[in-house]
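Read the structure below first, then the notes.
The values are calculated or read from the model by the stated rules, or taken from the named source; none is laboratory data. Nothing here was measured: the structure is a model prediction, and the numbers come from that model. Here the Cβ is made from the backbone with ideal geometry for all residues, glycine too, and neighbour counts use every protein chain on show. These accessible areas exclude ligands, DNA and RNA; they are computed on the full protein's heavy atoms, side chains included. Shrake-Rupley method; radii C 1.70, N 1.55, O 1.52, S 1.80 Å.
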Amino acid sequence: MNKTTLSWAIVGALGLAGCGGGGEDSGGGTTPPEPAPRALPDAGVYVPVLMDAQGQLINRPVNDSYRALGFVYPASAEGTGWTLNIAEKTSPTSSTYTFPHGFSSLNKGEGFPLTLSLLVSKSQPSLFDSAEQKSNINVDGLVKVASVPDAAGSSQSLWVLDYRPVKANIDSALTIQNWGGQIALQPMVTAPINADSWYNLGESALFQDVKTERSNKGSGIKLTILFKEGCSVSGETEANTQGLNKLTLTGWSNRSCSFNTLTGSADIKDGKIYEGMWEKKMREFANRDASVTAYLTMKPGSHGQKDTLLLGIPEITGITPFVLEAQPL
């Protein structure tokens, strides 16, 4: 274990082949079934609910101390990806950020492989630990619909993602308390996006603010992201509806931003080491003047909570997938 001024743990990545036919020929000339693409959750916005070691839901209210959100992106020609973000404030000076994510490939030649990955970043204490494990073993049941019980004795039929085979130290101090390794996906209530100015939850070293306004081209929303360096990128949705609103972010090559500011531990705020990795990917966008697909939605406030703007960028993936939460002042 290497010690740094930041505490973060990149915990595991497991590549798992899809359901393959198998077994030896029984002599009857039966052809083993060909592998098929996996059944997956519909594209959309979800609340990831952690499950304990007994497989029960850990029902926690989403508030200033605990946040949870997830995107399952529309399928591409390569496959379907998802990213979840679970943030827990464990003390006035310490937070844990957990990013379970995955990708289900449509590569038939490789047996429709499934990859599950997990990132854990922590602001205190200052520890660094990383591990990676990959396998091509045929394993089923990692993404499935199941009847999930809760502590009150009732149950729900939900999509369940099983991260236990990732070989992460689920019960270590670096991850969220009482999590047993499985995650249930509950559809999130979303609403059309308000025109407003939004600010990243917690202190950010990368983002200044985010602005949404009515599009001049139709019924969509124009999104502008202003970075600390002073440049901005923007894009417009075609519509403004519940659920995922697709847009294309452009303007990355504006040279007033180097996207090379978060190079040391002193540059990181609130233990958000992942912002430095996002910035590195954004530097790649700037170098090739990219047009980057993103998805935008809004979670309406309730029980005294503010509205929350949610932004996902599927192309920022790897060990640090991109999910941004922002609220108005």
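So the values come out like this:
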item: Flag if Gly264 is at pLDDT below 95, at positive phi and surrounded by fewer than 16 Cβ atoms within 10 Å (Cβ to Cβ); result: no
item: Residues that are among the hydrophobic types (A, V, I, L, M, F, W, C) and not in a strand (DSSP E or B), drawn from segment 274-297; result: Met277, Trp278, Met282, Phe285, Ala286, Ala290
item: Members of segment 219-251 that are open to solvent by less than 50 Å² (accessible area, probe 1.4 Å) and in a strand (DSSP E or B); result: Ile221, Leu223, Thr224, Ile225, Phe227, Ser232, Val233, Ser234, Gly235, Asn245, Leu247, Leu249
item: Which listed residue is among the β-branched types (Val, Ile, Thr) and either on the phi > 0 side of the Ramachandran plot or at pLDDT below 95 (or both), from Ile225, Ile170, Ile221; result: Ile170
item: Hits in segment 103-133 (condition: of a type in the set (Gly, Ala, Ser), on the phi < 0 side of the Ramachandran plot and modelled with pLDDT of 80 or more); result: Ser104, Ser105, Gly109, Ser117
item: Residue ID - nearest to Arg164 (Cα to Cα), chosen from residues in segment 56-70 that are surrounded by 15 or more Cβ atoms within 10 Å (Cβ to Cβ) and not hydrophobic (A, V, I, L, M, F, W, C); result: Gln56
item: Whichever residue in segment 204-218 is in a loop (DSSP other than H, G, I, E, B) and more than 16 Å from Leu262 (Cα to Cα) and, among such residues, is most open to solvent (accessible area, probe 1.4 Å); result: Lys217
item: Evaluation of Gln177 against (1) at pLDDT 90 or above; (2) open to solvent by 80 Å² or more (accessible area, probe 1.4 Å) (one fails), failing number; result: (1)
item: Residue that is farthest from Gly271 (Cα to Cα), among those in segment 281-329 that are touching a helix residue (DSSP H, G or I) at 6+ places or on another chain (Cβ under 8 Å) and either acidic (Asp, Glu) or buried (at least 21 other Cβ atoms within 10 Å of the Cβ) (or both); result: Glu315
